[in-house]
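Chemist: Before anything else, here's the structure in question.
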Amino acid sequence: MEETTNFIHEIIDSDLAEGRATHIHTRFPPEPNGYLHIGSAKAIWINWSTAQKYGGEFNLRFDDTNPVKEDTEYVEAIENDLKWLGAVPNGGIYYGSDYFDKCYEFAIKLIKEGKAYVCDLSKDEMEQYRGTLTEPGKNSPYRDRSVEENLDLFERMKNGEFPDGAKTLRAKIDMASPNMNMRDPAIYRIVHTSHHRQGNKWCIYPLYDYAHPIQDALEGITHSLCSIEFENHRPLYNWVVDNIDFEEKPHQWEFARLNMTYTVMSKRYLRQLVEEKHVDGWDDPRMPTLCALRRRGYTPSAIFDFVKRAGVAKAYSIVDIQLLEHCIREELNTTAQRRIAVLDPIKVTITNFPEGETEYFEVPNNPQDPEAGSRKVPFTKHLYIDRSDFAEVPPPKFFRLKPGGEVRLMGSYIIKYEDIVKDENGNIVEILCSCDRETAAGVPADGRKIKGTIHWLSQETALDTTVHIYDRLFTLENVFDIPENSSIMDYVNHDSHTVITNAKLEPALADAKAEEHFQFVRTGYFVKDTKEENSYNLTVSLKDSYKA
């Protein structure tokens, strides 16, 4: 793996040099309430590659402390995504729910030490008591309950005697703290909902800010690397670790989230896109989810390359989506084999080529890779070319096929326009041409220059296929800059998916496998779909306007 460095690695280097750490152990803690996305890939890469660099361990831990929205479907999807990315959790796979007994045990410890209390304030009342950024909060009227009363009430909460929201267990810290997260935060709440792994064993569940540092400490995590929105939660993280008296104390460090133009990363919005059927599911190739990017033809190496180039910092930034497109285009340019596809076919008949005869032309599989070899493409009397490669009334500087003009068929003959055939509605249905059979080797003997080269296929051997063309899902470049009184859903690009049902492919693609990548010459990079038989998805066009 290519060695990289960033401010997190500088922190680790210092910790190792000064003896604050002797080994490195990181984790990725997704909540199984949705599918991972390109932003998740940054968190995965930072934690996994950091452990790799220092010969340490990397855990996958499902943050399943909220039973309301969690599902085994998401658990399986997350595991599949990490496996696909190659980010092997060599430290193990765990669940936050594995530690519910320990979290409860530690909550009892805090109560006994007078550091936690049961509070009867409602959610709205807690907000009122909390204060503001400029005004301190007020102590709950239940803050001074005795240890005995708190132990009794907490036990009764666990036993299901109270309805949802009736009581919480709160840490007793400081209602006047300038950090709002330290104003006696709730650490347990009542939720009478079955858990996807624990069933109905619990009706009280620990909150993330309380459970997460406990999980880190129990797993031996040394550096808890998370996104920047948790920076203000770090004092609470440290409070939990210090007051439970863990001998080996993990430390939390934050990095800026990955934001990308024309893209939303919020699971809430992604779920809304799915539920309102703006897209065809979590793996719709227009989505930023990892399963969707995979289906669209993006590779783990290109995704991680993008994350590395985007950088690891603490400052907010928004990365141009063209960088992601550049990364996959750069990779596929050297690895994807070339194939011919005519997406909008129109028939061409070569008038002077014998009916029933087939000639074969050798073409390279990848001009960038001589070791990729070559293949033979059949040439017959009846061909297909792309409709856009002919113009009955050509615009200026149109160097493709036109009345009175000549054009080279890629890798084979020069053909000359002879005539066209139209149907009763005046639509062109066939182009008649002659070929110069002396030009297969290259430059015509008379030295005439042919400026245009187009791709083609034999009508007799072409394969039928469906091709999906994708564009950006949103029309708004910066999705954080939504005008007042509007919703991000107002900017869904309803023209972002085009289905071509009559595309033609060369016969060499007959044995193409799902997830196999190809460059359709002169068009773009495509991948064979995993769900729809005999169809291809556009990964990215050939044109690269990104300035690296």
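The values are calculated or read from the model by the stated rules, or taken from the named source; none is laboratory data. This one's a predicted model, so the numbers in the text were calculated from it and none came from an experiment. Counting neighbours? That spans all protein chains shown, and the Cβs are built from the backbone with ideal geometry, glycine included.
Chemist: Scan the range 237-279 for residues that are acidic (Asp, Glu) and free of Cβ contacts under 8 Å to residues at least 60 places away in the same chain and jot them down.
Modeler: Matches in the range 237-279: Asp242, Asp245, Glu247, Glu248, Glu275.
Chemist: Name every residue in the range 190-202 that is free of Cβ contacts under 8 Å to residues at least 60 places away in the same chain and either touching an Asp or Glu at 6+ places or on another chain (Cβ under 7 Å) or assigned to a helix (DSSP H, G or I) (or both), in order of residue number.
Modeler: Residues satisfying the conditions are Ile190, His192.
Chemist: Take residues that are small (Gly, Ala, Ser) and within 30 Å of Ser374 (Cβ to Cβ) and tell me which of the strands (runs of 3 or more DSSP E) falling wholly in the range 449-548 contain 2 or more.
Modeler: Qualifying strands (runs of 3 or more DSSP E): 535-541.
Chemist: Restricting attention to the range 157-200, report how many residues are modelled with pLDDT of 95 or more and under 26 Å from Val241 (Cα atoms).
Modeler: Total satisfying the criteria: 27.
Chemist: Now a separate question. Say we look at the range 398-424 and pick out the residues that are buried (at least 19 other Cβ atoms within 10 Å of the Cβ) and in contact with a helix residue (DSSP H, G or I) (Cβ under 8 Å, 6 or more places away or on another chain); which of these is farthest from Lys451 (Cα to Cα)?
Modeler: Across the range 398-424, the extreme among qualifying residues is Leu401.
Chemist: Let me ask something else about it. Only one residue in Asn159, Asn179, Asn139 is closer than 26 Å to Asp71 by Cα, of a type in the set (S, T, N, Q), out of contact with any His (no Cβ under 7 Å at 6 or more places or on another chain) and assigned by TED's automatic domain parsing to the domain that holds Glu73. Which one?
Modeler: After applying the criteria, what remains is Asn159.
Chemist: Let me ask something additional. Considering only the range 487-520, state which residues are hydrophobic (A, V, I, L, M, F, W, C), under 29 Å from Thr261 (Cβ atoms) and in contact (Cβ under 8 Å) with a residue 40 or more places away in the chain.
Modeler: Hits for the range 487-520 are Ile488, Met489, Val492, Ile500, Phe518, Phe520.
Chemist: Out of curiosity, is Ser14 more than 24 Å from Asn259 (Cα to Cα) and either touching a Phe, Trp or Tyr at 6+ places or on another chain (Cβ under 7 Å) or modelled with pLDDT of 95 or more (or both)?
Modeler: Yes: the conditions hold for Ser14.
Chemist: Please state which one of Tyr129, Tyr205 is over 22 Å from Glu248 (Cα atoms), assigned by TED's automatic domain parsing to the domain that holds Gly19 and free of Cβ contacts under 8 Å to residues at least 60 places away in the same chain.
Modeler: Tyr129
Chemist: Quick one: what pairs do we get from the range 15-30, first residue farther than 10 Å from Arg61 by Cα, second buried (at least 20 other Cβ atoms within 10 Å of the Cβ) and among the polar types (S, T, N, Q), C-beta under 6 Å, 6+ apart or different chains?
Modeler: Note: pairs meeting the criteria are Ala21/Thr222; Ile24/Thr222; His25/Thr222; Thr26/Asn47; Thr26/Thr50.
Chemist: If you don't mind, another one. Within the range 48-60, is even one residue at pLDDT below 95, out of contact with any Lys or Arg (no Cβ under 6 Å at 6 or more places or on another chain) and among the hydrophobic types (A, V, I, L, M, F, W, C)?
Modeler: no
Chemist: Taking the range 12-52, which residues are among the acidic types (Asp, Glu) and either within 17 Å of the chain's Cα centre (by Cα) or assigned to a loop (DSSP other than H, G, I, E, B) (or both)?
Modeler: Scanning the range 12-52 gives Glu18, Glu31.
Chemist: Given the options Arg400, Arg437, name the one that is over 27 Å from Ala510 (Cα atoms) and modelled with pLDDT under 95.
Modeler: Result of the check over Arg400, Arg437: Arg437.
Chemist: Let me ask something else. For Val527, all conditions in the list (1) assigned by TED's automatic domain parsing to the domain that holds Asp389; (2) touching a Gly at 6+ places or on another chain (Cβ under 9 Å) hold save one; what is the number of the exception?
Modeler: (1)
Chemist: Of all residues being hydroxyl-bearing (Ser, Thr, Tyr) and touching a residue at least 40 places away in the same chain (Cβ under 8 Å) in the range 425-461, which is surrounded by the fewest Cβ atoms within 10 Å (Cβ to Cβ)? Just the residue, please.
Modeler: Thr453
Chemist: Separate question: Tell me, yes or no, whether the range 341-362 has at least one residue that is among the charged types (D, E, K, R), part of a strand (DSSP E or B) and closer than 22 Å to Gly524 by Cβ.
Modeler: no
Chemist: Out of everything in the range 1-45 that is β-branched (Val, Ile, Thr) and closer than 23 Å to Leu82 by Cα, what residue ends up being surrounded by the most Cβ atoms within 10 Å (Cβ to Cβ)?
Modeler: Result: Thr26.
Chemist: Restricting the range 68-87 to residues that are buried (at least 22 other Cβ atoms within 10 Å of the Cβ) and touching a residue at least 60 places away in the same chain (Cβ under 8 Å), which is nearest to the chain's Cα centre (by Cα)?
Modeler: Asp81
Chemist: Can you name the residue in the range 377-397 that is free of Cβ contacts under 8 Å to residues at least 24 places away in the same chain and surrounded by 14 or more Cβ atoms within 10 Å (Cβ to Cβ) and is also farthest from Leu432 (Cα to Cα) among such residues?
Modeler: My answer is Pro394.
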